[in-house]
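Asker: I'd like to ask you about the structure that follows.
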Number of protein chains: 2
Amino acid sequence: MSDSSGTPTPSPAPPVPSGPPPKVTNRGRTAVPIASANSDTTEVPEFEPFGAPGPRGFPPLTEFLDIVDVDMMRMPNEINKTQHHTTFYNSDSLIVRRGQEFQVKITFNRPYKPASDKFAVEFVIGSTPQYSKGTYIPVFPTQERQSSWAGRITNTSENTVTMGITPTPDCIVGKYYMYVAVVTPFGIRRTRKDDSRNLYILFNPWASADAVFLDDETERQECVMNEMGIIYHGAYDDIAERDWNYGQFNYGVLDACLYIMDKAAMPITNRGDPIKVTRKASAMLNSHDDEGVLVGNWTGDYTYGVAPTSWTGSTEILLSYATSKMPVCYAQCWVYAAVFNTFLRCLGIPSRVVTNYYSAHDNDGNLKTDIILHDNGRIDRNRTKDSIWNYHCWNECYMSRPDLPAGFGGWQVVDATPQETSDGMYRCGPASVQAIKHGQMCYPFDAAFVFAEVNSDVVFYSRSKEGTMEPVKVNQTHVGRMVLTKAPGDVTRRDITDQYKFPEGSKEERTVLEKAEEFGCQREKSNPPDADVDLVLPTLEVTVGNDFELSLEFINRSDQRRVVDIYISGSVVYYTGVTSTEFLFSDPTVTIGPNKSVKEVVVVESKNYMKHLVEQANLNFIATGKVKETGQIVTAMKVVTLHNPKLSVELSGGARVSEEMMATVEFTNPFTFGLEGVYIRMEGPGLMMPKSKYYSLIPAGSTLTWTEYFSPLRAGSTRVMVTLDCPALRQVRGQASVTIQP
Amino acid sequence: MSDSSGTPTPSPAPPVPSGPPPKVTNRGRTAVPIASANSDTTEVPEFEPFGAPGPRGFPPLTEFLDIVDVDMMRMPNEINKTQHHTTFYNSDSLIVRRGQEFQVKITFNRPYKPASDKFAVEFVIGSTPQYSKGTYIPVFPTQERQSSWAGRITNTSENTVTMGITPTPDCIVGKYYMYVAVVTPFGIRRTRKDDSRNLYILFNPWASADAVFLDDETERQECVMNEMGIIYHGAYDDIAERDWNYGQFNYGVLDACLYIMDKAAMPITNRGDPIKVTRKASAMLNSHDDEGVLVGNWTGDYTYGVAPTSWTGSTEILLSYATSKMPVCYAQCWVYAAVFNTFLRCLGIPSRVVTNYYSAHDNDGNLKTDIILHDNGRIDRNRTKDSIWNYHCWNECYMSRPDLPAGFGGWQVVDATPQETSDGMYRCGPASVQAIKHGQMCYPFDAAFVFAEVNSDVVFYSRSKEGTMEPVKVNQTHVGRMVLTKAPGDVTRRDITDQYKFPEGSKEERTVLEKAEEFGCQREKSNPPDADVDLVLPTLEVTVGNDFELSLEFINRSDQRRVVDIYISGSVVYYTGVTSTEFLFSDPTVTIGPNKSVKEVVVVESKNYMKHLVEQANLNFIATGKVKETGQIVTAMKVVTLHNPKLSVELSGGARVSEEMMATVEFTNPFTFGLEGVYIRMEGPGLMMPKSKYYSLIPAGSTLTWTEYFSPLRAGSTRVMVTLDCPALRQVRGQASVTIQP
């Protein structure tokens, strides 16, 4: 019972502060914080006593084994880096690959006695290291006491012991701290922390037990070791190339790649799994959600950063991100793919950039891209909102897939370009290329999305005045017309379309599309009859600023005369297929005799398109119409990528390591107007770090010359790559090859 | 050639502004912005002309069909809401379920002439509506012109037509705007936008073609219609219950659920797919990454918000989030699961909250939880960093899985509690319960993670002085001891462990674990022999503040005497298994005769644990030790959840709809100290919205009484739920049942 004075009475509740909620700690949630930064370190005690000290403390330990020196054998020409294919990394630290032995020299104060002396080499990564998590690894020199990483004495000479250490082939990838611990009767004593003993461990495509093992030396040399890339763009029938310096061995790039995972707060324990590493990186390479590396921008306005077309390589981007800790401006798909490629090759995951021509996007992973026509056959631009990208670049990386049934290892698609309508997050993959080819879309990650990028149908709908819609034509061959990548060990291209799709029209292709439907991909079911009039648009190669003729060929396959009301529309488009301006429209009526063909020529004048051009100078021609006699729909689409003027690049000098050379870039403004705000960028793998120059104006017809001196760092065949970029003229490129003698 | 005056010279580059990059638009990236907010609207023109007007404009349209009135038949007792099971929603708008016909009455200015009059009912959702995306749906009254949604005239009476409309069973779920459009010879004219004609469409578990179809009326009544939840906690052998008011029908809750998807910028076109909706929501229910609904806090310090143990239902949380647009403080697992349940039931996806006892966490989806022992057998608290949650709550939701092979539909696990080490993002599921049971971890999403929560082994390692670690005991039955959910249509519990796992020790269980290993789950391979001494800890039910005895039973199964050095440790733990304070330690030596058993009793005094208690008052006892004769390791673990005092709740009054009633809450402080900063919360489905009261002090021994008046909203059996919560005493609960007469 309570007396009245003790009876509680309600009071007004204390005010709860407004504003963002305070940061909550992990107390009560986990025993220790999840280690999620490679840059975090733990203080490892220099002396760890066994039990409490006696009344006079511990006796001096001078009589026991002591460490005088540790030599990581980390010079580029020493056995570790040559055997581990890490000589090219511009780094003072030891860099090795997992699942393969490396050597460390330890010098004691006296000869090592295997029978009585006990020591261990310890590796530690991240905060709160734990043996069972693989973040604390003691390595013992004897067979009797073994840890997860094997250790053995490979050489003994006076007071010095050389120890061979083999990290497990699935160990965590990143930067480890190294200690040597000696067991004395009173406790364990350790070397002090010393940054010269840091150890970087990478994935190992040369080790058969590593998940990224790739059993082909030519492929490994290309997909891990090659810095010099070619990325394809343009149109499938008029292919253009971009040179790119991946720069994975440049000073600071490896640390920048590890920083990306730290910035993502990726748990250290997940960093040995290439599936998790690549999935995380596909999210982190773009700035959406997570303050990742690159800001996407397709607007044409790059005032506050670097135009996507201006970059020559990944180094500048990665170093800028690691330094500023802010997303770098700006990227489009090939920039995402190229920087992702650097990340993957730098960490040792075999990877390549691929280009898919006519890539379907923004259609929810369904297998339809819609084009809406008025009932007279003319395209209804207000209602046509899907776009097909002229091309799209993504990455493939090579790894086994123990999380999937057998048969889905090998090349995996990952894509860092933010996809607005994918599974809600701005990341994609790894998706098994085998699974995509066979329509096995039930396996993670995002196979259905990539499948749609290469397999969508283009569906033409006719819309009546009252709003009813009727599919009138289905084009099943336009999307995913060709998939290209650079050939290994060569500067040519390789058509890998057959790795994504069975041949058009084959039985297997039909089976795969049915499979895809079983997994919920919606296709257009109706199959409107083909028109008996074909319309073909020619392949054109046109230099920017030129007039040209577009010749439409109508082929009548029927035995009757056909009259076609055709609507020809020419637009300047972004490479995403999004229309900027329609600059040409024509609606002739064409009459074709039975089994005859007729050509209709449209003249395209540069004065009409020049002032509307957006970057990458793509013109998109769509012709749609109706056959009068039958009401059948006739369509054709063609993208013309205008060719830009080239930069001239010349190299002179000895072409020997450390001998000064000279690169001369020359460009003449071919236009009748001045070019303003011009950036020129130049770099070359093993030759020079990225350099840039700014010109406020290049007057009409005038020539600029830029000469740069440099000293090659290493021997081998390489290239200098140069871009010129300004708001009025994007992606002017030039390059010069050279073989450097030792 | 250029003359010297025209030669460009490099200038300093213009400064690039620092700071965060500017917001980039989607120009060039997509033709139209992706519609990702249900709250966005489009202006639909009231008149859409066919071609240009004549010189005198359009003629007056008075002679054509015109709309006088539209009646959505949206009252709770009208046919639409009763047939669509939406009567309980406290909303003025029409709410229906997809795949099922609803009726709309349209009154014209004259009788409708089917042969000549053309009109359509149009539904629009989000910005940039498109027919092909399902965001613009015209519905026609005749069989000849059909759209994706079927329409028919069900009744005609003078100038009024009743139209039956059937949304497709896969249509987008959310809020649509409705228009009626009439075709005149000069163009289309439309009704004006009018919010009273808004239409909410939900998932439909009653429609066999809907992906969430659930063919069991009892389950549907429980998992869609029931607001009154019971969530299990405590320990598997001493189960405790939490009442929870899901409140999915309360005013504003449906709009709050749609707001969550808007806040996530989830593309409108994905909102008809229960897989995508539940996956997105599992990310959005927690505030990590995305400013989602609830901030997780396990620290015990809830000064800046509401303690997780204090909530009585979801309504207050959801309405606060939708109003403030800021994450709500604070949640632990059952709060995430309960609010997620409200979201799912509110949208029409069948769902239930389940509780897994001894849930393995933070172990990277691997099948091991590590406990490290010193070489004498005592637990090494510094090196033991994994924890096993006493229990963990998640949700199951019911749906077909067209994205997976046949057989994996049905119940799916989704979990909104942020998992630090899952696939890098704070979301989980939907993972097929069938796939988890059969070890088919290759199917999305996150099946491997849930599998580990119910199947991990507890591995005891012995650590030598030099740092080598050796597994000495593997407990394969501790984790995932029991999975419970509320029985449908009843207030009892239902053991659904067999839906997650085959019986312990069965052949199927072994096969499943082998399957899991194939998919990359690491298990402890070594199988140390079982000790021939068993140690059993008793099941205890203890009221907080009481002293009690813990009796350890040692059973010697050998024919020899056994001496065991045992270390008994008692700790106050969070429900996450994380240790707060060790309050008891004892290290007796126990001698057991051949084939005998011996009891060792430890007295636990409340004065030792009381001052250390953290919320949920869990004590964790671990006994570990070594058999002297054999070196075998003996272990036992037991969680004791102390029982709190109860609140008394009494209801009085007529127990009829709209008749005033009274709820009286009484609580006596049983402790010798005052309770400070006390919140009491009360609510009841169909009875009252959430109410709370604050008491700055309840002196020792004193009694508080709180009386609240309310008027029941609807008939049926329901409950009033009350919690009392203060920093010194968490989760005191009380409830009173009542059946309201109409």
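The values are calculated or read from the model by the stated rules, or taken from the named source; none is laboratory data. Quick caveat: nothing in here was measured; it's all calculated off a predicted structure. With ideal geometry, Cβ positions are generated from the backbone for all residues, glycine too; neighbour counts draw on all protein chains shown. Only protein heavy atoms, including side chains, enter the accessible area calculation; ligands, DNA and RNA are left aside. Shrake-Rupley method; radii C 1.70, N 1.55, O 1.52, S 1.80 Å.
Asker: Hey, can you tell me all the residues within the stretch B:484-513 that are open to solvent by 50 Å² or more (accessible area, probe 1.4 Å), in contact (Cβ under 8 Å) with a residue 24 or more places away in the chain and over 27 Å from the mean Cα position of the chain (by Cα)?
Answerer: B:504, B:511
Asker: Hey, another quick one. Six or more apart or on different chains, Cβ under 7 Å: which pairs go from a residue in the stretch A:133-161 that's assigned by the TED database to the domain that holds residue A:79 to one that's of a type in the set (Lys, Arg)? Could you list them?
Answerer: Hits for this filter: A:141/A:152; A:159/A:110; A:160/A:105.
Asker: Check whether at least one residue in the stretch B:304-315 is at the interface with another protein chain (Cβ under 10 Å from one of its Cβ atoms) and part of a helix (DSSP H, G or I), and report yes or no. Walk me through how you get there before you give the answer.
Answerer: We begin by selecting, within the stretch B:304-315, every residue at the interface with another protein chain (Cβ under 10 Å from one of its Cβ atoms); these are B:304-306.
Next, only the ones that are part of a helix (DSSP H, G or I) stay: none.
Within the stretch B:304-315, none of the residues are at the interface with another protein chain (Cβ under 10 Å from one of its Cβ atoms) and part of a helix (DSSP H, G or I).
Asker: I've got another one for you. Please determine whether any residue of the stretch B:229-250 is open to solvent by 10 Å² or more (accessible area, probe 1.4 Å), of a type in the set (Phe, Trp, Tyr) and not in a loop (DSSP other than H, G, I, E, B).
Answerer: So far as the stretch B:229-250 goes, no, none of its residues is open to solvent by 10 Å² or more (accessible area, probe 1.4 Å), of a type in the set (Phe, Trp, Tyr) and not in a loop (DSSP other than H, G, I, E, B).
Asker: If you don't mind, another one. Considering each residue of the stretch A:713-727, count those that are within 14 Å of chain B (Cβ to nearest Cβ) and touching a helix residue (DSSP H, G or I) at 6+ places or on another chain (Cβ under 8 Å), and give that number.
Answerer: Number of matching residues: 1.
Asker: Which members of the stretch A:468-523 meet the condition of being within 14 Å of another protein chain (Cβ to nearest Cβ), outside any loop (DSSP other than H, G, I, E, B) and among the polar types (S, T, N, Q)?
Answerer: Hits for the stretch A:468-523: nothing passes.
Asker: Considering each of A:591, A:630 in turn, give the residue that is outside the structural domain of residue A:474 (by the TED database) and modelled with pLDDT of 95 or more. Spell out the reasoning first.
Answerer: Numbers: A:630 fails: modelled with pLDDT of 95 or more.
Just one listed residue meets the conditions, A:591.
Asker: Looking only at the stretch B:681-722, filter to residues that are among the hydroxyl-bearing types (Ser, Thr, Tyr) and assigned to a loop (DSSP other than H, G, I, E, B); which one of those is most open to solvent (accessible area, probe 1.4 Å)?
Answerer: Our first condition is that a residue be among the hydroxyl-bearing types (Ser, Thr, Tyr); within the stretch B:681-722, this holds for B:692, B:694-696, B:702-703, B:705, B:707, B:709, B:711, B:717-718.
Applying the additional criterion that residues be assigned to a loop (DSSP other than H, G, I, E, B) yields B:702, B:711.
Values: B:702: 2, B:711: 54 Å².
Filtering first and then ranking leaves B:711.
Asker: How many of the residues in the stretch B:628-649 are open to solvent by less than 30 Å² (accessible area, probe 1.4 Å), more than 16 Å from residue B:614 (Cα to Cα) and not hydroxyl-bearing (Ser, Thr, Tyr)?
Answerer: Counting residues in the stretch B:628-649 that are open to solvent by less than 30 Å² (accessible area, probe 1.4 Å), more than 16 Å from residue B:614 (Cα to Cα) and not hydroxyl-bearing (Ser, Thr, Tyr) gives 6.
Asker: It is to be established whether one or more residues within the stretch B:600-609 are farther than 24 Å from residue B:298 by Cβ, in contact with a Gly (Cβ under 6 Å, 6 or more places away or on another chain) and surrounded by 14 or more Cβ atoms within 10 Å (Cβ to Cβ). Quick ask: steps written out before the conclusion?
Answerer: So in the stretch B:600-609, the residues farther than 24 Å from residue B:298 by Cβ come out as B:600-607.
If we keep only those that are in contact with a Gly (Cβ under 6 Å, 6 or more places away or on another chain) too, we end up with B:606.
Remaining after also requiring surrounded by 14 or more Cβ atoms within 10 Å (Cβ to Cβ): B:606.
Looking through the stretch B:600-609, at least one residue is farther than 24 Å from residue B:298 by Cβ, in contact with a Gly (Cβ under 6 Å, 6 or more places away or on another chain) and surrounded by 14 or more Cβ atoms within 10 Å (Cβ to Cβ).
Asker: Further question: Out of A:651, A:675, A:687, A:613, I need the residue that is closer than 22 Å to residue B:28 by Cβ, within 35 Å of the chain's Cα centre (by Cα) and assigned by the TED database to the domain that holds residue A:730. Which one? Before the answer, list the steps.
Answerer: Numbers: A:651 fails: closer than 22 Å to residue B:28 by Cβ; A:687 fails: closer than 22 Å to residue B:28 by Cβ; A:613 fails: assigned by the TED database to the domain that holds residue A:730.
Result of the check over A:651, A:675, A:687, A:613: A:675.
Asker: Answer yes or no as to whether residue B:224 is closer than 19 Å to residue B:347 by Cα, open to solvent by less than 10 Å² (accessible area, probe 1.4 Å), outside any loop (DSSP other than H, G, I, E, B) and touching a Gly at 6+ places or on another chain (Cβ under 7 Å). Working first, answer last.
Answerer: Numbers: closer than 19 Å to residue B:347 by Cα: yes; open to solvent by less than 10 Å² (accessible area, probe 1.4 Å): yes; outside any loop (DSSP other than H, G, I, E, B): yes; touching a Gly at 6+ places or on another chain (Cβ under 7 Å): yes.
For residue B:224, the condition - closer than 19 Å to residue B:347 by Cα, open to solvent by less than 10 Å² (accessible area, probe 1.4 Å), outside any loop (DSSP other than H, G, I, E, B) and touching a Gly at 6+ places or on another chain (Cβ under 7 Å) - is met.
Asker: On to the next question. Does residue B:162 satisfy the condition of being more than 14 Å from every other protein chain (Cβ to nearest Cβ) and either farther than 30 Å from residue B:31 by Cα or under 30 Å from the mean Cα position of the chain (by Cα) (or both)? Break it down into steps so the answer makes sense when it comes.
Answerer: Numbers: more than 14 Å from every other protein chain (Cβ to nearest Cβ): yes; either farther than 30 Å from residue B:31 by Cα or under 30 Å from the mean Cα position of the chain (by Cα) (or both): yes.
Yes, satisfied.
Asker: Further, regarding this structure: Can you find, within the stretch A:21-46, the residue that is surrounded by the most Cβ atoms within 10 Å (Cβ to Cβ) among those that are at pLDDT below 80 and aliphatic (A, V, I, L, M)?
Answerer: A:34
Asker: On to the next question. Would you kindly identify the strands (runs of 3 or more DSSP E) lying entirely within the stretch B:120-186 that contain at least 2 residues that are farther than 25 Å from residue B:49 by Cα?
Answerer: B:150-157, B:160-166, B:174-184
Asker: Something else now. Of the residues that sit in the stretch A:259-278 and are open to solvent by 10 Å² or more (accessible area, probe 1.4 Å), in contact (Cβ under 8 Å) with a residue 60 or more places away in the chain and part of a helix (DSSP H, G or I), which one is nearest to the other protein chains (Cβ to nearest Cβ)?
Answerer: Only one residue tops the list, namely A:269.
Asker: I'm told residue B:558 meets every condition in (1) open to solvent by less than 30 Å² (accessible area, probe 1.4 Å); (2) modelled with pLDDT under 90; (3) among the small types (Gly, Ala, Ser) except one. Can you identify the failing condition by its number?
Answerer: (2)
Asker: Give me a count of the residues in the stretch A:679-712 that are within 18 Å of residue A:313 (Cα to Cα) and within 9 Å of chain B (Cβ to nearest Cβ).
Answerer: The initial filter retains those residues of the stretch A:679-712 that are within 18 Å of residue A:313 (Cα to Cα), namely A:679-694, A:708, A:710, A:712.
Then keep just the ones that are within 9 Å of chain B (Cβ to nearest Cβ); that gives A:679-680, A:692-694.
The qualifying residues number 5.
Asker: Somewhere in the stretch B:1-20, is a residue open to solvent by 30 Å² or more (accessible area, probe 1.4 Å), at pLDDT below 85, within 14 Å of chain A (Cβ to nearest Cβ) and in contact with a Gly (Cβ under 7 Å, 6 or more places away or on another chain)?
Answerer: yes
Asker: Residue A:426: farther than 24 Å from residue A:481 by Cβ and modelled with pLDDT under 90, yes or no?
Answerer: Details: farther than 24 Å from residue A:481 by Cβ: yes; modelled with pLDDT under 90: yes.
Taking the combined requirement at face value, the residue satisfies it.
Asker: In the stretch B:368-384, what residues are surrounded by fewer than 23 Cβ atoms within 10 Å (Cβ to Cβ), outside any strand (DSSP E or B) and not β-branched (Val, Ile, Thr)?
Answerer: If the condition is that a residue be surrounded by fewer than 23 Cβ atoms within 10 Å (Cβ to Cβ), outside any strand (DSSP E or B) and not β-branched (Val, Ile, Thr), then B:375, B:376, B:378, B:380, B:381, B:382, B:383 are the ones that fit.
Asker: Among the residues of the stretch B:341-351, is any open to solvent by less than 10 Å² (accessible area, probe 1.4 Å) and within 30 Å of residue B:568 (Cα to Cα)? Walk me through how you get there before you give the answer.
Answerer: Kept after step one, since they are open to solvent by less than 10 Å² (accessible area, probe 1.4 Å), are these residues of the stretch B:341-351: B:341-351.
This time we only want the ones that are within 30 Å of residue B:568 (Cα to Cα), so: none.
Looking through the stretch B:341-351, none of the residues is open to solvent by less than 10 Å² (accessible area, probe 1.4 Å) and within 30 Å of residue B:568 (Cα to Cα).
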